[in-house]
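These notes are about the structure you will find just below.
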Amino acid sequence: MRHQKKGFKLGRTHSHRKATLSALSNALIMHKRITTTLTKARALRMHVEPIISRAKEDSTHNRRQVFRYLQDKQAVTELFGEVSQKVGDRPGGYTRIIKLGQRAGDAAEMAIIELVDYNDDGSSTSSKQTSRRRTRRGRRKKVEEGAAATTASAVAEAEETVAEVEEEVVDEVEETVEEVAAEAEEEVSNESDEAADGEDEEKKEE
């Protein structure tokens, strides 16, 4: 029976699991919002909320106890500074888990875990991600517009080239027809001259 064995193994040894939860806690405190698997998010919530509760009372002892779990001075400073002011009036439930569905590849259940007090003021990374997506969409539109303009200019140049080639061909054909007609006229006139000369000689012989 699993009495008094509450928690998640995460497929890791004790030391590996401890390091994983410490890294996830640091990322959540520094970025206020992270994406991970659903199981890790639930394990992280159980791990990080008691740490955030300790940050409500700023004392040397509490700082040392929090550093014992986080092992990151910047994260401890952020937690006892900005984060503790945000969550000062909240009696618990500092995090929120939002399910995202299954991940492509191994079909693992994904989720977003975020600090609740950083969801409304736009300081979470969701606004940054949205702005980046808008920027990428704008770049795609610009690229598509540029490609369309390039294609249109290429088509116009091709049409101009075709028109020029057609004009040159028509001119050459006309010149060739004129030359052939002139040669035919010359041949006809030569033949008529020869016939007239032959008639004159016959008359003289008679």
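The values are calculated or read from the model by the stated rules, or taken from the named source; none is laboratory data. Model, not experiment: these values are computed from the prediction. Virtual Cβ from ideal backbone geometry, glycine too; neighbours counted across all protein chains shown. These accessible areas exclude ligands, DNA and RNA; they are computed on the full protein's heavy atoms, side chains included. Shrake-Rupley method; radii C 1.70, N 1.55, O 1.52, S 1.80 Å.
This table checks each residue for (1) open to solvent by 60 Å² or more (accessible area, probe 1.4 Å); (2) over 43 Å from the mean Cα position of the chain (by Cα); (3) at pLDDT 80 or above.
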site	(1), (2), (3)
S124	no, no, no
T135	yes, no, no
G138	no, no, no
K141	yes, no, no
V162	yes, no, yes
E179	yes, yes, yes
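Going through E145, E183, E194 one at a time, which residue ends up being open to solvent by 90 Å² or more (accessible area, probe 1.4 Å), at pLDDT 80 or above and out of contact with any Gly (no Cβ under 8 Å at 6 or more places or on another chain)?
Among E145, E183, E194, only E183 is open to solvent by 90 Å² or more (accessible area, probe 1.4 Å), at pLDDT 80 or above and out of contact with any Gly (no Cβ under 8 Å at 6 or more places or on another chain).
From K56, K73, which residue is farther than 23 Å from G93 by Cβ and surrounded by fewer than 19 Cβ atoms within 10 Å (Cβ to Cβ)?
K73
Out of (1) open to solvent by 50 Å² or more (accessible area, probe 1.4 Å); (2) in contact with a strand residue (DSSP E or B) (Cβ under 6 Å, 6 or more places away or on another chain), the odd one out for H3 is which?
It is condition (2) that H3 fails.
Is it the case that some residue within the range 89-96 is hydroxyl-bearing (S, T, Y), out of contact with any Lys or Arg (no Cβ under 7 Å at 6 or more places or on another chain) and either loosely packed, with under 13 Cβ neighbours inside 10 Å or not in a helix (DSSP H, G or I) (or both)?
Yes, the range 89-96 contains a residue that is hydroxyl-bearing (S, T, Y), out of contact with any Lys or Arg (no Cβ under 7 Å at 6 or more places or on another chain) and either loosely packed, with under 13 Cβ neighbours inside 10 Å or not in a helix (DSSP H, G or I) (or both).
State the number of residues belonging to the range 73-96 that are farther than 26 Å from K6 by Cβ and out of contact with any Leu (no Cβ under 8 Å at 6 or more places or on another chain).
Qualifying residue count for the region: 11.
Which residue pairs have Cβ atoms closer than 6 Å, lie 6 or more positions apart in sequence or on different chains, and pair a first residue in the range 14-33 that is in contact (Cβ under 8 Å) with a residue 24 or more places away in the chain and outside any helix (DSSP H, G or I) with a second residue that is of a type in the set (D, E) and open to solvent by less than 60 Å² (accessible area, probe 1.4 Å)?
Short answer, once both residue conditions are applied: R33/E114.
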